[in-house]
1. Find the residue count for region 59-87, including only residues that are in a loop (DSSP other than H, G, I, E, B) and either buried (at least 16 other Cβ atoms within 10 Å of the Cβ) or under 19 Å from the mean Cα position of the chain (by Cα) (or both).
2. Under the condition of being free of Cβ contacts under 8 Å to residues at least 12 places away in the same chain and of a type in the set (Gly, Ala, Ser), which residue from region 147-169 is farthest from Gly207 (Cα to Cα)?
3. Which of (1) out of contact with any Pro (no Cβ under 6 Å at 6 or more places or on another chain); (2) within 30 Å of Cys198 (Cα to Cα); (3) modelled with pLDDT under 95 does Val125 not meet, given it meets every other one?
4. Assess whether Asn183 counts as being of a type in the set (S, T, N, Q) and either touching a Lys or Arg at 6+ places or on another chain (Cβ under 7 Å) or surrounded by 18 or more Cβ atoms within 10 Å (Cβ to Cβ) (or both).
5. Of the conditions (1) without any contact (Cβ under 8 Å) to a residue 60 or more places away in the chain; (2) surrounded by 15 or more Cβ atoms within 10 Å (Cβ to Cβ); (3) part of a helix (DSSP H, G or I), Thr21 satisfies every one except a single condition; which number is it?
6. Being basic (Lys, Arg) and over 22 Å from Leu111 (Cβ atoms) is the filter; apply it to region 133-168 and report the residue that is surrounded by the most Cβ atoms within 10 Å (Cβ to Cβ).
7. So, in region 137-162, exactly how many residues are assigned to a helix (DSSP H, G or I) and over 16 Å from the mean Cα position of the chain (by Cα)?
8. Under the condition of being in a loop (DSSP other than H, G, I, E, B) and among the basic types (Lys, Arg), which residue from region 183-215 is modelled with the lowest pLDDT?
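The values are calculated or read from the model by the stated rules, or taken from the named source; none is laboratory data. It should be emphasised that the depicted structure is a prediction, and the values quoted were computed from it without experimental measurement. So basically every Cβ, Gly included, is an ideal-geometry build from the backbone, and we count neighbours across all protein chains shown.
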Amino acid sequence: MCKLLYARYGSHHWKIDRCATDVLVETILSQNTTDLNSGRAFENLKRAYPDYEKLLKASEKEIAKVIYSGGLPEIKANRIKSALAKIKSETGKPDISFLRKKSAAEANGFLRSLPGVGPKTAAVVLCFGLGIPAFPIDTHIYRQLGRIGFIRKNEGLERAHEQMAALVPDCDKCRCHVALIYNGRQVCKPREPMCGSCPLLGICDYGRKEQKNIKRG
């Protein structure tokens, strides 16, 4: 799968040069909204609270006002402040960079213990904040994995992350994740997917059935 995607979209590598805690906060903000809205909310948050110690002194109501553009402001304000407070209570400061020295299992376990952090958020932070191999599954990827047949219908995200973590080699996890997002946005769309031009057609159960139906029609 990964090689097929790289042939179409290229194989991209990233230098991890962002603050890991920023990635955590921004990923929480991205839940259930668009990249544009969450990006705007994150910019507003960093402008209002240049460091996370200052954010921890603010009320959730104040934080919610600042991140309103990201949607679900009260819920996300609670998750962000609660997560940062727990990090500080366990490590002495609201900073998760120490996880870079941990194993993937240890880092994932710590992240999953934080309020508002599920399998996708944890995997995004591991991959793009800490440089630890992980395979995040967003709505685009989940849709494609189901159509291909890699996960069963109605398979939960928890189980899907476990399956793909075992299936995709560490060297491919982050870049294959990105390539699948490109394919999900451009080709394997929720409605009227362009199966005939999909690089994964040869391994996709859904795509092959669609092409057979077209030929019969």
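1. So the answer is 3.
2. For region 147-169, the residue satisfying everything is Ala166.
3. Only one criterion is unmet by Val125, namely (3).
4. Against the criterion (of a type in the set (S, T, N, Q) and either touching a Lys or Arg at 6+ places or on another chain (Cβ under 7 Å) or surrounded by 18 or more Cβ atoms within 10 Å (Cβ to Cβ) (or both)), Asn183 qualifies.
5. (1)
6. Arg147
7. Number satisfying all stated conditions: 3.
8. Filtering region 183-215 for residues that are in a loop (DSSP other than H, G, I, E, B) and among the basic types (Lys, Arg), the one modelled with the lowest pLDDT comes out as Arg191.
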